[in-house]
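Throughout, read-outs are computed from the coordinates displayed, never taken from laboratory work. Only a predicted model underlies this, so the values are computations on that prediction, with no experimental measurement involved. Neighbour counts are summed over all protein chains in view; Cβ atoms, including those assigned to glycine, are modelled from backbone coordinates with ideal geometry.
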Amino acid sequence: MEERVRSLLLKFPGTNCDSETDRALRTAGFDNDIIPINLLNRDMIFEYSMVVIPGGFSYGDYIRAGRLAQLELGLKIGDALFEFKEKGGLILGICNGFQILLQLALLPQASLTTNISGRFICKWVKLKIINRKTPFLYLLPWKFELPVAHIEGRFVTSENKANEYVDSGLASLVYEENINGSECGIAGLNDETGRVFGLMPHPERFLFYDDYYNIDKSSNERYGSGYIFFRSVYEYLKVGGKM
Amino acid sequence: MHCVVEIINRFSSPKDLQEIIYDRTVTGYSYAKTKVYVIEYEGEESLIKKFVEMVFADKVVDNKEYNGKPFYSDAIYIIDVELKPGVLDLEKEYAFRYKDILSNEGLVIKDLKISQRYYLFGKHSERVKEVFIKSGPINSVIHSYKEVRSIRKKKQEAR
Amino acid sequence: MQFAIYNGAKRQEEMDSELIPILEMTDSELGELFFKRKLSLSKFDLRVIKDYFREIKRNPTELEIEVIAQTWSEHCKHRIFNGRILHNENNKMKVIDGIFKTYIKGVTEKIIKERDGFVLCAFEDNAGFIKLDDELSVCFKVETHNHPSAIEPYAGANTGIGGVIRDILGAGRGAKPGACIDVFCFGPPDCDIANIEEGVIHPQSILRGVVKGVRDYGNRMGIPTLCGAIHFNKVYTYNPLVYCGSAGIIPIKDIKKEVYKGLSIVLVGGKTGRDGLRGATFSSASLREDSRTEDIVAVQIGNPIEEKKILDFVLKAREKGLIEYITDCGGGGLSSACGEMLKTTGGKIYLEKVPLKEPGMKSWEIFLSESQERMVLAVKDENLKELSYLTTIYDIDCTEIGEITDTKRLEVYYFNNKVCDLESEFLHNPPYKVLVSHYRDNNLKAEITSNYNENEISNLFKRVLADINIVSREPVIREYDFEVQGNTVVKPLIGGLGDMPQDGVAIRVDGSKKYIGLGCSILPSYALIDPYNMGLSTLDEAVRQIIVTGVNPEKIALLDNFCIGNPDDSYELGRLVKCAEAISYVALCYKTPFISGKDSFYNYYISENGIQSIPVSLLISSIGIIDDKSDITTSNIKSGNSLLCIVGYTKKELGGSIYYKILDINGGRVPGLDPQLALKIYQQFYKCIKDRLILASHDVSEGGVIVALTEMGFGINCGIEIDVDRIIKEEDMSISELLFSESNSRIVFEIEESNLFKIKEHFKDLPFTVIGKSVNNHRKIIIKNKNNIVVEESLEELKNIWKKGLEVYY
């Protein structure tokens, strides 16, 4: 029997991109389980190859995006996520998930604060890959598009670390047009191992070509760049962690 | 015990007051917004600071002021706006879930008040304050406000 | 299951079982009692109530009085819409046996017979249902939340959207909300604050607050806000209108819900407090200057995360077959939810079991409380355990509060004391209202000949394009997450830069090959002149918007939402009757059934300078099925090498138009409608879509054909060249009238030249013409009359005007 690649999608109260992210993971080949936080335990995650924290507003994000989810997750599974990563597991945070991963310090020090316009922004953006050597991006073209939808997506660092992140390739994904005031236009960041990745844009919302905002009806494309994103990770895990 | 902490986003800067008021004749003013948390607690002072860092503040984003001195010293008015009792304050509601997070270290949180602090900058004028209160972000149906002593006034008194 | 712990209950209990001696009161004393409690019932109602209690030989409890007043309120029983109306027009009187029955439900009943199996449930549940495919159904509901939004815009819109989402969750055995729609009418955002009475919130503040309220609730719930409209007009300065709607998906087998003896009644969600008491009666009364202080208690802020947890829980419970019946707690709280649920069977409620936010609440306060984020379920006892397990997963409270009986009585207990025992028959059959309406044409309808200078057309065009009711809604739309759920295939903003307007929107449905199209229309400036033609136009535009998106014209259903001022004013009621007549006429002809709707009365404000009221404000929301992915059509021009066409007559219909507004002309001929012709156009247009002949299509509405064409050109690098002389028109129309006329049933569209013959075949005998082309050699819109250039403007510059218009206010 073919070996399945399993992913765990974590659901908090207020997580709202779970079903489309689940659909994206499955379409890409994953055997995905949605696990509500109340059913999560420490040992569970080691049965999976990847943990995904999807988009939404965990616990409402009333204090700041991702803060309470971070506290809750920290209390619940403590350093298991770090151990999971050390053992070769992949961790992906999309939008609210990215905010949570930064708060948990699973990614290099940085934060996501209110967009410079002070407004929520729902928009399709052009993205550019800086470093393609991550399991999440290596099959994608250098430039592609995805939608964003956030109010706290402005990537900031203390002491100008953003430049460092770009130079070192940790900031693997940037906006072509800086929509929210992010330092160096950073849209996605990974850790030194490349196995933890967080991004503000929503790959799960561009799974099919039909999801595009300016469709060419004569095109034969079936999938969107979000599909290639999830397919990258799947292919990587499928062959046991090789790009 | 009583802890007052003002939290300021380091990446925000004052904006045109016209963005939040509805009287077009009042121009040339700007405003800044911060948050003030008033916490009643029992325990070590260091613990309450730890609590604030854990729950409310962000290392990268925020500056914190514990001494009660308003963050901006050049504002003409400082007005604290809070939700009236009985109006659902969702930040408070969710933050309060974590009131016991440091209880085994001996911290007991008894009460929490959150207000938005508005700093108004520009040429001194009573009218700006009036406009801000009457046709700005305050709706008396759900908000109450109080003026934190005006810095300018204090200076005059000092003379 | 949790049980509330109640302190000091004994005293409360004794107080609550006391009877109010209404039988011993005179009529005026009784009137006083109700007035003091702010219960809006008529003298006649009070007499009926007194007679009832005289018959059962006892006095009512405080709770019974409140329950009756709430159940008989306009909000719950729609007694005006159901009432008998003596309508006077042209010195003749006719009796209308209910506006709802005659013009809305009656129309649907006729259409249902001809559209076999399309309407699955109309006007019975929280929302109307239509068939999507053999397995799935779509339901749709739009509500208003005007008064709360006038008092606290953020909170009002917040709880408005929260309420309508709960309607969908409570539709059938629990539908999954998949889209939201929001339509607002506000005063002008540039209105001078000095002209607004103190205590009234500035329109710009209302705009900002309402949009943020919708944003913060809809985005957190993870439901895309896709469709909407904002209309600015000074008539709404004192009475803003906020319509919130939602569409949901549910398996057809789960639509039917029923209650029967032996089921347990379960309350799910947030705790119950004093908040929002009397919201139902509040929304059935006008705003007064003192509303702001008096009605503090009616202002609530929604908690979308609580509702999101309910959503996750309800959908899971429905999937597992644990729900027999479900409904939401909206206006009127438990009283309304339980009242509706127990109407046919009867039931017992034990109020001491309801989890409370605060101690010391009286029984009627618990029963009537409108605390947000609560739902009521009826479940089989054997399923309680599994339901309870789900509550721990999704982190919500769930309490058993009563049982279904077969006594046909509403029985409410509070610590062993019976605080309510009323027969359903009495409670749910309030006396008929009889109202008088009077319609007379105002003298605004006459045709007007405007003095225009042809050299000014370009300037006037720019002013029309910059008008607050035309300019791009992009700043507002981007605040809404219109992509969440990953199913938005036709977005509110489209085109090469993702920023040009689209008429109808469309969503994919998981598990189906079909798509859903959504549209809406509201035309208050027409209503000020001619409510009948406004009705015709509104329905036509709502239908046309989704036709041009690829919806099958035989699979369209509609919602009607009326807002008017004072229904006791025969003039205002007369205008409502005319409007209802109009939509019933068109709906019958199009065979587009109404499946749900709502009416909101008393939208007037008593100010220092007299009564500030609104015109009849009708929102028609349309929902339709797109049978095939390839049918989906959008409004942006696809190539610089195409022909541009128009179908439909252009008439001298500029009454209420943006053009007349710019020229400061009050009155004129409001667009009318030939529904037979329009239907023929739509049917043929659909055939063109099916034959893949349409590259892009846009409905012609406010601003006229010139605005429609310009908007189509905003999405791509090409130019547009039009010959105005080719437009099929009435005699004696000036060029500006041709360009800015807002005549109905017109569609502009793009085709490949090679397909012209086939298109002509489809549109033979219909008013079809090629009016121009898209070109690659410039980026302008050039409008010629024969060989004279009338307008020549850069599309970039025009787009800039259009795109920036709302930015300054939002």
- request: Divide by every residue of chain B the summed helix terms, -39500 (n - 2.57) for each DSSP H run of at least 4, and state the resulting mean residue ellipticity at 222 nm, rounded to the nearest 500 deg cm²/dmol.
  value: -5000 deg cm²/dmol
- line: Taking a straight Cα-to-Cα line shorter than 23 Å from A:Lys242, and setting aside same-chain lysines fewer than 8 residues away, one finds A:Lys85, A:Lys87, A:Lys128, A:Lys133, A:Lys143
query: List the chymotrypsin sites (Phe, Trp or Tyr not before Pro) in the range B:31-98 that DSSP assigns to loop (not H, G, I, E or B) and whose Cβ has at most 14 other Cβ atoms within 10 Å. Which are they?
result: B:Tyr66
query: Quick one: length gained pulling C:Asp116 to C:Lys261 fully straight, 0.36 nm per residue minus the C-alpha distance?
result: 48.9 nm
task: Would you mind checking which residues have amide H under 5 Å from A:Val125's amide H? H placed 1.01 Å from N; only 5 or more apart, or other chain.
output: A:Leu146, A:Val148
message: Please compute one quarter of the surface area of the Cα convex hull for the protein assembly as shown and express it in square nanometres.
response: 49.2 nm²
field: Whichever aspartates and glutamates have a C-alpha closer than 17 Å to that of C:Lys433, once near sequence neighbours (fewer than 8 apart) are set aside
entry: C:Asp45, C:Glu74, C:Asp97, C:Asp568, C:Asp569, C:Glu572, C:Asp599
message: Between C:Lys316 and B:Arg24, what's the calculated FRET efficiency when r is the beta-carbon distance and R0 is 56 Å? Round to 0.05.
response: 0.60
- line: Among A:Lys76/B:Lys92; C:Lys555/C:Lys629; A:Lys123/C:Lys253; C:Lys491/C:Lys687, the pairs whose Cα-Cα distance exceeds 26 Å are A:Lys123/C:Lys253
- request: Starting at the first residue of the range C:141-149, write each ³J(HN,Hα) from the Karplus equation 6.51 cos²θ - 1.76 cosθ + 1.60 with θ = phi - 60°, in whole Hz, x for Gly and Pro.
  value: 8, 10, 10, 10, 9, 6, 5, x, 6
P(r) weight above 42 Å for chain C, C-alpha pairs, percent: 30 percent
- line: Classified through the alpha carbon gyration tensor (a ≥ b ≥ c as square roots of its eigenvalues; rounded if a/c is under 1.5, else prolate when a/b is larger than b/c, else oblate), the range A:1-107 comes out oblate
task: Collect residues whose amide H, placed 1.01 Å from N in the peptide plane, falls under 5 Å from the amide H of C:Lys598; neighbours closer than 5 in sequence don't count.
output: C:Asp560, C:Asn561, C:Phe562
query: With Rg and the Kirkwood Rh both taken from Cα atoms, where does Rg over Rh land for the range A:151-219?
result: 1.08
- prompt: Dividing the convex hull volume of the alpha carbon atoms of the range C:565-712 by its residue count, what do you get in Å³ per residue?
  reply: 167 Å³
query: Cross-link partners among aspartates and glutamates for C:Lys513, C-alpha distance below 16 Å, same-chain residues fewer than 8 apart left out?
result: A:Asp210, A:Asp211, C:Asp133, C:Asp134, C:Glu135, C:Asp627, C:Asp628, C:Asp631
- line: Taking only the alpha-carbon positions of chain A as identical scatterers, the Debye log10 I(q)/I(0) at q = 0.14 Å⁻¹ comes out as -0.86
statement: Flagged as over-length at 25 Å C-alpha distance, from B:Lys33/C:Lys357; C:Lys92/C:Lys445; B:Lys59/B:Lys99, the pairs are B:Lys33/C:Lys357
task: Averaging sequence separations of C-alpha pairs under 8 Å and six or more residues apart, then dividing by the length of chain C, give the relative contact order as a whole percent.
output: 15 percent
- request: Name the most mobile residue of A:Ser158, A:Ser49, A:Ser172, meaning the one with the largest mean-square fluctuation, in a Gaussian network model of chain A with Cα contacts below 10 Å.
  value: A:Ser158
statement: Longest principal axis of chain C (C-alpha) makes with the long axis of helix C:570-590 (C-alpha) an angle, in degrees to the nearest 10, of 70 degrees
message: What does the extension gain come out to for C:Asp190 and C:Lys513, with contour length at 0.36 nm per residue minus their alpha carbon separation?
response: 111.7 nm
query: Taking R0 as 56 Å, what's the FRET efficiency between C:Phe35 and B:Lys49 from their Cβ-Cβ distance, rounded to 0.05?
result: 0.50
message: Over 32 Å between Cα atoms: which of C:Lys316/C:Lys514; C:Lys257/C:Lys418; C:Lys113/C:Lys661 fall into that group?
response: C:Lys113/C:Lys661
field: Zone residues, the range A:171-205, relative to A:Ser117, backbone N less than 12 Å from point 7 Å out along Cα-to-Cβ
entry: A:178-181
query: If you project the alpha carbons of the range C:470-587 onto their three principal axes, what span does each projection cover, largest first, in Å?
result: 49, 34, 21
- prompt: Could you work out the helix-only [θ] at 222 nm for chain C, with each DSSP H run of four or more residues adding -39,500 (n - 2.57) and the total divided by the number of residues, to the nearest 500 deg cm²/dmol?
  reply: -9500 deg cm²/dmol
Kirkwood estimate for the range C:125-273, i.e. one over the average of 1/r between Cα atoms, Å: 16.6 Å
- prompt: Under a no-solvent Debye model with one identical scatterer per Cα of the range C:212-253, what's log10 I(q)/I(0) at q = 0.34 Å⁻¹?
  reply: -1.24
task: Filter the GluC sites (Glu not before Pro) in the range A:137-228 down to the DSSP loop ones having no more than 16 other Cβ atoms within 10 Å, then list what survives.
output: A:Glu159, A:Glu176, A:Glu177, A:Glu192, A:Glu221
query: Hey, what do the phi angles of the range C:770-778 turn into as Karplus ³J(HN,Hα) couplings, whole Hz, using 6.51/-1.76/1.60 and θ = phi - 60°, x for Gly and Pro?
result: 7, 10, x, 8, 9, 10, 9, 8, 8
message: So if each residue of separation counts as 0.36 nm, and I subtract the Cα-Cα distance between C:Ser28 and C:Asn641, what length gain in nm does that give?
response: 212.9 nm
Loop-located GluC sites (Glu not before Pro) in the range C:432-508, at most 14 other Cβ atoms within 10 Å (DSSP): C:Glu447
query: Residue-wise, which Karplus ³J(HN,Hα) couplings in Hz belong to the range C:682-698, taking 6.51 cos²θ - 1.76 cosθ + 1.60, θ = phi - 60°, and x for glycine or proline?
result: 5, 5, 5, 4, 4, 4, 4, 4, 4, 7, 6, 9, 9, 8, 8, 8, 9
query: How many percent of DSSP beta bridges within chain C run antiparallel, rounded to 5?
result: 75 percent
message: For C:Cys420, what residues show an amide H to amide H distance below 5 Å, using hydrogens built from the backbone and excluding near sequence neighbours?
response: C:Val412
message: Need the C-alpha centroid separation for the range C:632-688 versus the range C:412-480, integer Å.
response: 22 Å
- request: Based on other C-beta atoms within 10 Å, arrange C:His778, C:His87 from fewest to most.
  value: C:His778, C:His87
